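To start, the structure itself, in structure tokens.
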Amino acid sequence: MISRPKISVIVPIYNVEEYLDRCVKSLLYQTLKDIEIILVDDESPDNCPDLCDAYAREDDRIKVIHKKNGGLGYARNSGLEVATGEYVAFVDSDDFIEINAFEDLYNKTIDNPTDAVFANFFDYVSSSEIMPVIEIEREQSLESSKDIRQFLFDMVGTEPSYQKDRKYSMSVWHAIYSLEVIKEYEIKFPSEREMISEDIIFHIQFLSRVSKVILLPEPYYYYCANNDQSLTRTYRADRIEKFISLHKEVVRQLIDFYPDNESTVKNRADRLFISYLRHYIYSKTTPLSIVKKHLGNDYIIEVLGRYPINLMPSKYKIVTNLIKLRQPLLISIIKFLKRN
């Protein structure tokens, strides 16, 4: 009788031939052997489809899905459809993890049943530039709906005066999640082609329904910022529309789950929206003509009009006020001075 895997690892794959072997080997060499690895080829145009099949021939823990291109969110959903583990993990194919990652995360659930285990991670720029990102300072067990709700809210956005836009990364790749919860509530990722940051929608759906979450201070996951195909490094004309769609959906879902916290929900969602807006407008890849166009957007004007910008840290307050006051030239001057 084949035992149920302890963890199903879902790896969406698109145009990452340069990085794929590093990623897959970090999974194959895990000290926790009882895992299944689901490689989802999202119609990758390079040699990745053949590489996936070759890995599967070498190790029977690997499943391969070849599908029509649909984006990261839908690729993850395809992996969830065939996953059979007790828990599920998501690893992006241009990243990699410590070989003891899944053993350490899973061991926290053995005598202490929990719905998810989160950990810290590394920012990997190069082999000589690796920085741990410490968001979790000590091991914690969140066992009340109030504490889990606070964790979720701090993942969406922080209070206006907080020095960072969020306390916890919304990315799904630094945790393991109960597959039973995901299946029971039919939790899926939206398409990032319709709504940017599909991970926060997944977390709202998941964390609003669970009763226990463990936080670990150790970093295990290497987030690699050296892939030039990253959406965050490329100018895209539809970003504002996607920010608005995300904001509306975050507010709608959080109010559905937490109707008594409407003002807090809007405040945290507004911080999320403003952070994305600020990064987009302040980015060196966003043309001045586009900045001018979006500063008159009615939805942006509404959000900035109600948000207490003057409570924000100075590093955010100045640019956000310039956006609110519709000062594209001053924004461009600050952008230029910062780059030079």
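Among the conditions (1) assigned to a helix (DSSP H, G or I); (2) over 23 Å from Glu249 (Cα atoms); (3) open to solvent by less than 40 Å² (accessible area, probe 1.4 Å), Leu337 misses just one, which is (3). The criterion of at least 1 residues that are open to solvent by 40 Å² or more (accessible area, probe 1.4 Å), farther than 24 Å from Glu198 by Cα and free of Cβ contacts under 8 Å to residues at least 40 places away in the same chain is met by the following helices (runs of 4 or more DSSP H) wholly inside the stretch 255-308: 288-295, 298-306. Total residues in the stretch 5-35 satisfying the condition of being over 22 Å from the mean Cα position of the chain (by Cα) and either open to solvent by less than 10 Å² (accessible area, probe 1.4 Å) or basic (Lys, Arg) (or both): the figure is 5.
Within the stretch 36-46, can you find the residues that are open to solvent by 80 Å² or more (accessible area, probe 1.4 Å) and farther than 16 Å from Asn77 by Cα? Listed by number, the list holds a single entry, Pro45. Restricting to the stretch 151-176, count the residues that are of a type in the set (S, T, N, Q) and touching a Leu at 6+ places or on another chain (Cβ under 8 Å). Of the residues in that region, 1 qualify.
Cβ-Cβ contacts under 7 Å between residues 6 or more apart (or on different chains), taken from a first residue in the stretch 37-53 that is under 12 Å from Asn15 (Cβ atoms) to a second residue that is small (Gly, Ala, Ser) and modelled with pLDDT of 95 or more, are listed as Asp42/Ala75.
In the stretch 156-185, the residues that are open to solvent by less than 30 Å² (accessible area, probe 1.4 Å) reach residues that are at pLDDT below 95 with C-beta atoms within less than 8 angstrom, at least six apart or across chains, in these pairs: Asp165/Tyr316; Met170/Ser197. Got at least one residue in the stretch 31-51 being in a helix (DSSP H, G or I) and either among the hydroxyl-bearing types (Ser, Thr, Tyr) or closer than 16 Å to Trp173 by Cβ (or both)? No, because not a single residue in the stretch 31-51 is in a helix (DSSP H, G or I) and either among the hydroxyl-bearing types (Ser, Thr, Tyr) or closer than 16 Å to Trp173 by Cβ (or both). If you check Arg76, Arg61 for being modelled with pLDDT of 95 or more and either closer than 12 Å to Val16 by Cβ or open to solvent by 10 Å² or more (accessible area, probe 1.4 Å) (or both), only one passes: Arg61. Of all the criteria given as (1) outside any helix (DSSP H, G or I); (2) open to solvent by less than 30 Å² (accessible area, probe 1.4 Å), the one not satisfied by Lys188 is (2).
The values are calculated or read from the model by the stated rules, or taken from the named source; none is laboratory data. Quantities reported herein were computed from a predicted structural model and do not represent experimental measurements. Glycine also receives a Cβ, built like all others from the backbone with ideal geometry; neighbour counts cover every protein chain displayed. What goes into the accessible areas is simple: the full protein's heavy atoms, side chains included, and nothing from ligands, DNA or RNA. Shrake-Rupley method; radii C 1.70, N 1.55, O 1.52, S 1.80 Å.
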